1. Leaving out same-chain residues fewer than 8 places away, which aspartates and glutamates sit with a Cα under 15 Å from that of Lys76?
2. What helices in the chain pass both tests, a Cα length along the helix axis of 30 Å or more and a mean Kyte hydropathy of -0.5 or higher, using whole DSSP H runs?
3. Would you please give the FRET efficiency between Ala4 and Asp79, computed as 1/(1 + (r/R0)^6) with r the Cβ-Cβ distance and R0 = 35 Å, to the nearest 0.05?
4. Grab the DSSP H runs of the chain that are 4 residues or longer, score each as -39,500 (n - 2.57), total them, divide by all residues and round the 222 nm result to the nearest 500 deg cm²/dmol.
5. Over the chain, what lengths in whole Å, largest first, do the semi-axes of the equivalent ellipsoid take, defined as the square roots of 5 times the eigenvalues of the alpha-carbon gyration tensor?
6. Relative contact order for the stretch 2-128 using alpha-carbon pairs under 8 Å, separation at least 6, rounded to a whole percent?
7. Extension gain Arg119-Met24, at 0.36 nm per residue separation less the Cα-Cα distance, in nm?
Amino acid sequence: MMTARLQIKDVRTRESAIDYIASMVILPEAQPAIPAIAQMLRESAGFNVRQRAIMAFGNKGACARPALPALFKLPKDKDAEWILRTHAAASLGKTGSAARIAVPALQQASRSDDYDIRRVANLALHKIN
């Protein structure tokens, strides 16, 4: 049921589905939807949907672990919008030690030409370690 709403092309429906799942991500019934949300980080789902997907995983700790491979690629993705890159780095930092897999990507982002990305990546690295 939860993942079905993520497949609907209407942006507002997808956004509300992400918000709903994010609020319940610690519950077992929400776990099957996490890979579908993570997929939205990899596809051209549109800015708002991708931003919601990123923010859905912040503060979720180990519950967000299935999404980390998709999430950790964003801070170093120079083609992604800078705000998505900074939000991804911040979400990884909020995930804490569960995001150790993202350390190399955050280290690369910490050397970015963009001050905000560098700053947020360094903060995330500090929180993860």
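Just so it is clear, none of the values below were taken in a lab; they were calculated from the coordinates. Here the structure is a predicted model, which means the values were calculated and not measured. Quick reminder, even Gly has a Cβ in these numbers, built from the backbone with ideal geometry, and neighbours come from all protein chains shown.
1. Hits, sequence-local ones excluded: Asp113, Asp114, Asp116.
2. Length and hydropathy pass: none found.
3. Taking R0 as 35 Å, the efficiency between Ala4 and Asp79 is 0.70.
4. After summing the helix terms and dividing by the residues of the chain, the value is -17500 deg cm²/dmol.
5. Semi-axes (√(5λ), whole Å): 24, 16, 10.
6. Numbers: 198 pairs, mean separation 25.5, N = 127.
Across the stretch 2-128, relative contact order equals 20 percent.
7. 31.2 nm
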